[in-house]
Amino acid sequence: MTQKNPSILALDGWMYPAAIPEAQVGTWRIKKLRRHGSTHVFSMFNVLGYDYAIVEGKMEMTLLQEFREGKWRDWMTDDVLFWHSMKDYAERAVGPNVLIGGLGLGLILRHLSQLRPDLKRIVVIEREPEVIMMVWKNLHLDSRFLCLEGDFFRYMEEDCFDTVITDFPVGSPHSRSNQDLFLQTFEYVNTHWPYAQHGYHGMEPWNKLMSLLWRSGRYQLLVPEARRQILRTMLKRKELSG
């Protein structure tokens, strides 16, 4: 059997696509990370059809961090994988109305603004006011975009969203807390917007569900029939585990 050669995205440098200046509000900050004079390799998980990205030379990224338990914890970055993953979501989102759970660095909003003039309404739910203060004003979005401060799991508007995308912390699929968070998100979104197309970014479910959840690598927007199959499997596992 012939082995397929990996698909490579080759880049000559990488410089802060989020375009957000350094800042700190409370326990949150925007931090710039600079790496010079070497080759940087990223796994792309088949995002946009690539297996790997190779950046030659200067590598400059933006980090969204929270200070917790005595150290700064990364919540989002505008590296090659995250930037192009958000572009993938933006290109495949169904309109005209889109709901986003989590502001982060606003990467998907930049892509939606530039690539999707057909969309009419994009609502973002972000629970951390410090993140909104640092990020939202630097995105320079048009009137189609609205950011609401609050808990995504308390957002009860059930009208006419055609795509719902959640972007929560990346974590181990073996962590019970991450499994519970994924199941909570999955059930909540399916309950409130059952006919929308769904995207779940950055959340690792149980290993046996990986092939169902992600068509290519780790990222996929899920249509209703695929979600129903996953939900049946997840609920069965939950019942068996007590």
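The values are calculated or read from the model by the stated rules, or taken from the named source; none is laboratory data. All of these numbers come straight from a predicted model, not from anything done at the bench. In this analysis, Cβ positions are derived from the backbone assuming ideal geometry, glycine residues included, and neighbour counts consider all displayed protein chains.
Tabulated results
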{"read-out": "Condition met for Ser113 (of a type in the set (S, T, N, Q), assigned by TED's automatic domain parsing to the domain that holds His198 and over 18 Å from the mean Cα position of the chain (by Cα))", "value": "no"}
{"read-out": "Among residues of region 14-52, those that are modelled with pLDDT of 90 or more, small (Gly, Ala, Ser) and outside any loop (DSSP other than H, G, I, E, B), counted", "value": "1"}
{"read-out": "Boolean, Tyr200 is surrounded by 15 or more Cβ atoms within 10 Å (Cβ to Cβ), out of contact with any strand residue (DSSP E or B) (no Cβ under 6 Å at 6 or more places or on another chain), at pLDDT 70 or above and outside any loop (DSSP other than H, G, I, E, B)", "value": "no"}
{"read-out": "Output for region 12-61, where each listed residue is under 18 Å from the mean Cα position of the chain (by Cα) and β-branched (Val, Ile, Thr)", "value": "Ile20, Ile30, Val47"}
{"read-out": "Residue in region 84-105 that is surrounded by the most Cβ atoms within 10 Å (Cβ to Cβ), counting only those that are outside any strand (DSSP E or B) and in contact with a Cys (Cβ under 9 Å, 6 or more places away or on another chain)", "value": "Leu103"}
{"read-out": "Hey, Ser177 part of a loop (DSSP other than H, G, I, E, B), modelled with pLDDT under 85, among the small types (Gly, Ala, Ser) and more than 18 Å from His198 (Cβ to Cβ) or not", "value": "no"}
{"read-out": "Unmet requirement for Thr62, which otherwise passes all of (1) closer than 22 Å to Thr185 by Cα; (2) touching a Phe, Trp or Tyr at 6+ places or on another chain (Cβ under 6 Å); (3) part of a strand (DSSP E or B)", "value": "(1)"}
{"read-out": "Residue under evaluation Leu119, criteria (1) buried (at least 20 other Cβ atoms within 10 Å of the Cβ); (2) in contact with a Leu (Cβ under 6 Å, 6 or more places away or on another chain); (3) not in a helix (DSSP H, G or I), criterion not met", "value": "(2)"}
{"read-out": "Residue in region 43-83 that is surrounded by the most Cβ atoms within 10 Å (Cβ to Cβ), counting only those that are acidic (Asp, Glu) and closer than 23 Å to Leu109 by Cα", "value": "Asp78"}
{"read-out": "Output for region 30-46, where each listed residue is closer than 22 Å to Trp72 by Cα and free of Cβ contacts under 8 Å to residues at least 60 places away in the same chain", "value": "Lys31, Lys32, Leu33, Arg34, Arg35"}
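So that you can scan it fast, the table gives a plain yes or no per residue for (1) at pLDDT below 95; (2) in contact with a Ser or Thr (Cβ under 6 Å, 6 or more places away or on another chain); (3) hydrophobic (A, V, I, L, M, F, W, C); (4) in the same structural domain as Phe182 (by TED's automatic domain parsing):
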| site | (1), (2), (3), (4) |
| --- | --- |
| Glu60 | yes, no, no, no |
| Glu69 | yes, no, no, no |
| Arg73 | yes, no, no, no |
| Glu91 | yes, no, no, yes |
| Val123 | no, no, yes, yes |
| Asn138 | no, no, no, yes |
| Asp151 | yes, no, no, yes |
